[in-house]
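Undergrad: My questions all concern the structure below.
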Amino acid sequence: MQDTAPPTATGPESATPYTPTARTVPTRAKERASYDRELVHSILDAACLCHLGFVRDAAPVVLPTLYGRVGERLYVHGSTGSRPLRNARAAADPGLPVCLTVTHVDALVLARSAFHHSINYRSVVVHGTATTVTDPEERRIALDAIVDQAVPGRSRDARPANTKELAATAVIRLDLDEVSAKVRTGGPNDEPEDLTLPHWTGIVPLTRGYGSPVPAEDLDPAVGVPEYLRAL
């Protein structure tokens, strides 16, 4: 398959929602589903870890991995010997069918009844076909995006991969075509008959934070903490 430049969503197109499909319409809690492009992008951009699902030898496999977003594409990288990347190369055109998910857990929701306990979350599910990236320039863009997804600005402050490292690294891409977000907010949904029960109820917020950077033991003391790390 011929490589093409990463697509971007700008102007009126960026406000166009994703089109629901049979695979992206949930069977439960449909009111929590959204196809808003900006919401999907915000959920993806606030994370760096995804779970990539595919079928190998007639059995499902789900792997946690880092990713990067460039416009309307997601990129995943790994060893050329890793299962999904090897399967993407070996799969017949147009590539390897996958499902990629990203989830943020924002709060624990504690109800009066065990049945109504829940979590507040933001999630994205992407269905599609992953293809191997072979174009050198797109590979460079993809690898920089994966680094910057974890730590914005880091790709400009690190040695780029050399020829040997690039030869050992495979990159696959997944277009954001069949996409949905799902979000839960708010407190518990207790049954009316449970409202007088003497059990604590409410939410326990969960937050993600960064600690102070810890320098490597062999770091030159003259090298200070860069501004992009201070800004985390």
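Undergrad: Using modelled backbone amide H atoms (1.01 Å from N, in-plane), which distant-in-sequence or interchain residues come within less than 5 Å of ALA130's amide H?
TA: HN-HN under 5 Å from ALA130: LEU96, VAL98.
Undergrad: Suppose only helical runs count, i.e. DSSP H with n ≥ 4. What mean residue ellipticity at 222 nm does that imply for the chain under -39500 (n - 2.57) per run, divided by all residues and rounded to the nearest 500 deg cm²/dmol? Walk me through the numbers on the way to the answer.
TA: Details: 5 runs with 41 residues, N = 232.
Here the helix-only value at 222 nm equals -5000 deg cm²/dmol.
Undergrad: Sticking with this one: Given the options GLY95, GLY68, GLY211, state which has the largest fluctuation in a GNM of the chain using a 10 Å cut-off (strictly under) for Cα springs.
TA: Per the Cα network of the chain with a 10 Å cutoff, GLY211 tops the list.
Undergrad: Quick one: 3J(HN,Hα) in Hz for the range 179-187, Karplus 6.51/-1.76/1.60 with θ = phi - 60°, rounded, Gly and Pro as x.
TA: Each residue of the range 179-187 in turn: 9, 8, 10, 9, 9, 10, 9, x, x Hz.
Undergrad: If we count other beta carbons within 10 Å of each Cβ, what is the order of ARG28, ARG23, fewest first?
TA: Working: ARG28 7, ARG23 11.
With the sparsest Cβ surroundings first, the list reads ARG28, ARG23.
Undergrad: Continuing with this model, one more query. Pick out, in residue order, every one of the GluC sites (Glu not before Pro) in the range 137-232 that is DSSP loop and has at most 13 other C-beta atoms within 10 Å; say none if there are none.
TA: GLU217
Undergrad: How much net charge surrounds GLY224 when only the other residues with a Cβ under 14 Å from the Cβ of GLY224 are counted, with Lys and Arg +1 and Asp and Glu -1?
TA: For residues surrounding GLY224, the net value is -2.
Undergrad: Can I ask one more? Note down the net charge around LEU206, summing +1 for each Lys or Arg and -1 for each Asp or Glu among other residues with Cβ under 15 Å from its Cβ.
TA: Numbers: positive: ARG122, ARG184, ARG208; negative: ASP106.
For residues surrounding LEU206, the net value is +2.
Undergrad: Using a simple charge model, +1 on the beta-carbon of Lys and Arg, -1 on the beta-carbon of Asp and Glu, nothing else, what dipole does the range 105-232 show about its Cα centre, in debye to the nearest 20?
TA: Roughly 100 debye for the range 105-232.
Undergrad: Per-residue HN-Hα couplings for the range 151-159, Karplus 6.51 cos²θ - 1.76 cosθ + 1.60 at θ = phi - 60°, whole Hz, x for Gly and Pro?
TA: 9, x, x, 5, 4, 7, 10, 8, 5
Undergrad: Computed from these coordinates, which is mean projected area of the Cα convex hull in nm²: [x] 15.4; [y] 16.1; [z] 17.6?
TA: [z]
Undergrad: May I ask you to derive the FRET efficiency for LEU66 and THR21 from their Cβ-Cβ distance with R0 = 25 Å, giving the value to the nearest 0.05?
TA: Result of the calculation: an efficiency of 0.40.
Undergrad: Taking the range 196-232, which chymotrypsin sites (Phe, Trp or Tyr not before Pro) meet the DSSP loop condition and have no more than 13 other C-beta atoms within 10 Å? Show your work: numbers first, answer last.
TA: On the way: sites: TRP200, TYR210, TYR228; in loops: TRP200, TYR210.
Here the sparse-neighbourhood loop sites are TRP200, TYR210.
Undergrad: Another question about this same structure. Need one word for the range 134-225: rounded, prolate or oblate. Basis is the Cα gyration tensor (sqrt eigenvalues a ≥ b ≥ c); a/c below 1.5 gives rounded, then a/b vs b/c decides.
TA: oblate
Bear in mind these aren't lab numbers, they're just calculated from the coordinates by the rules spelled out. The structure presented is a predicted model; accordingly, all values stated were derived computationally and were not measured. Quick reminder, even Gly has a Cβ in these numbers, built from the backbone with ideal geometry, and neighbours come from all protein chains shown.
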